[in-house]
Amino acid sequence: MKKAGVKQIISELDKASKTHKGQADKLRKMISSPMKGKISGPCKTAAKRKFKVWPSAYASGWGVRCTRAGGPGKMGKKKK
């Protein structure tokens, strides 16, 4: 779905009841997320080295976790 279509749906939900307004807020947060659907370059390269098949569910999941951790050098280390 294109971004313009989602924005139209959000505006329609805002006009509806309180329940739908909450749904509109969730959609708005999903659109504004800076990391929406992106795996960083270094993490993608590390996943390609680690797994035989790219793209695969396991490799993509590992790449997402790597991106959220802050890069391949920080994988497996706890955040303080």
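Go through (1) open to solvent by less than 80 Å² (accessible area, probe 1.4 Å); (2) of a type in the set (A, V, I, L, M); (3) at pLDDT below 75 for M35 and report which single condition fails.
(1)
Tally up the residues in the stretch 46-67 that are part of a helix (DSSP H, G or I), open to solvent by 40 Å² or more (accessible area, probe 1.4 Å) and free of Cβ contacts under 8 Å to residues at least 12 places away in the same chain, please.
The total comes to 5.
Please specify each residue of the stretch 37-67 satisfying the condition of being over 14 Å from the mean Cα position of the chain (by Cα) and hydroxyl-bearing (S, T, Y).
Once the filter is applied, which keeps residues that are over 14 Å from the mean Cα position of the chain (by Cα) and hydroxyl-bearing (S, T, Y), the stretch 37-67 yields T45, S56, Y58.
The values are calculated or read from the model by the stated rules, or taken from the named source; none is laboratory data. Source: prediction; values computed, not measured. So basically every Cβ, Gly included, is an ideal-geometry build from the backbone, and we count neighbours across all protein chains shown. What goes into the accessible areas is simple: the full protein's heavy atoms, side chains included, and nothing from ligands, DNA or RNA. Shrake-Rupley method; radii C 1.70, N 1.55, O 1.52, S 1.80 Å.
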